[in-house]
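Enquirer: Dropping the structure in here first, questions after.
Each value in this text was obtained by applying a stated rule to the coordinates, not by laboratory testing. These figures come from a predicted structure and were not determined experimentally. Using ideal geometry, Cβ is built from the backbone for each residue, glycine included, and neighbour counts are taken over all protein chains shown.
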Amino acid sequence: MKTLPLLITTSWLAIAGITVRGAEDSGFPEFSWDHVPLYAHLAIGDGLKQEEYDFLAEHFDLITFTGGTVKSAGVEPVIAAGAKAIKERNPKAKVIFYWASDMPKPQWRLSNATFPEGGYLSAKKGGRDSQQFDVRRQEVRDWWSGIAGKAVSDYGCDGIFVDGLTAGVKDGPWSKMFGP
């Protein structure tokens, strides 16, 4: 009986190994246990200094850019410029676009400007009024997916870091705000 779980585990590890070894062809960053893989997740704000892009490109193959403090019209073009700057320095690097799935972030001004009218749920969060995406509505889901697609097709990012994905799970943040 103990042989079956061992066989399943071994098979799964073999498949995982094939997947990782084939990462170069699959769009994933190169991976090896010969060194500890490093991941950078940082706020890009209104952009970084050239030497900061140099450092990131030299030390990381997987980088997520999130908003931070933004004084410009929106963080989206800043992330696009950051992705381009990283890839010019390190073509193997993968740049990930941070994208919240539960509530609007003020730095995403361009994306927020196209949000469907009436697509928010209002709630108290930490004693303050809070707007949350009403993901029950198809137009909200379409808007969110459209921005995620644009991050890859227009902004030069390789994928999406989805934050707040567990907001709607049992006993998650939305349960506390809206009830079970």
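Enquirer: Using only the Cα atoms of the chain, construct the convex hull and provide its projected area averaged over every direction, in square nanometres to one decimal. Kindly include the intermediate steps, with their values, before the conclusion.
Expert: Details: hull surface 57.6 nm².
The directionally averaged projection comes out at 14.4 nm².
Enquirer: Right, something else. Could you derive backbone 3J(HN,Hα) for region 148-160 from the dihedral phi with the Karplus parameters 6.51, -1.76 and 1.60 (θ = phi - 60°), listing whole Hz in sequence and x where the residue is Gly or Pro?
Expert: For region 148-160, the Karplus-derived couplings read 4, x, 5, 4, 8, 6, 9, 9, x, 7, 9, x, 10 Hz, x marking Gly and Pro.
Enquirer: A follow-up question, please. When the chain is fully extended, how far beyond the present Cα-Cα distance does D129 get from V152, taking 0.36 nm per residue of separation?
Expert: Numbers: separation 23, 0.36 × 23 = 8.28 nm, distance 3.22 nm.
Extra length available between D129 and V152 comes to 5.1 nm.
Enquirer: Now for a separate question. Give the peptides 109-120, 27-38 in descending order of average Cβ contacts within 10 Å, highest first. Numbers along the way, then the final one.
Expert: Details: 109-120: 14.1, 27-38: 10.2.
My ranking of the peptides, most packed first, is 109-120, 27-38.
Enquirer: Could you size up the charge dipole of region 37-178 around its Cα centre, putting +1 on the beta carbon of Lys and Arg and -1 on that of Asp and Glu, and report it in debye to the nearest 20?
Expert: Details: 18 positive and 18 negative charges, 78 e Å.
Dipole of region 37-178, to the nearest 20 debye: 380 debye.
Enquirer: Run the Debye formula on the Cα coordinates of region 22-99, all scatterers equal and no solvent, and tell me log10 I(q)/I(0) at q = 0.23, 0.24, 0.28 1/Å.
Expert: Each listed q corresponds, in turn, to -1.06, -1.13, -1.40.
Enquirer: Over 13 Å apart: what share of the alpha carbon pairs of region 52-94 falls there, rounded to a whole percent?
Expert: Considering region 52-94, 50 percent of its Cα-Cα pairs are separated by more than 13 Å.
Enquirer: Also, quick follow-up: Once you've got the Cα coordinates, tell me which of K71/K176; K87/K150; K49/K125; K94/K124 are over 25 Å apart.
Expert: On the way: K71/K176 33 Å; K87/K150 18 Å; K49/K125 35 Å; K94/K124 37 Å.
Check vs 25 Å cut-off fails for K71/K176; K49/K125; K94/K124.
Enquirer: For A100, which sequence-distant residues (separation of 5 or more, or a different chain) have an amide H within less than 5 Å of its own amide H, given hydrogens modelled in the peptide plane?
Expert: Here D163 satisfy the definition.
Enquirer: Between A113 and W33, with labels modelled 7 Å along Cα→Cβ, what's the label distance in nm to one decimal, could you check?
Expert: A separation of 4.9 nm, rounded to one decimal place.
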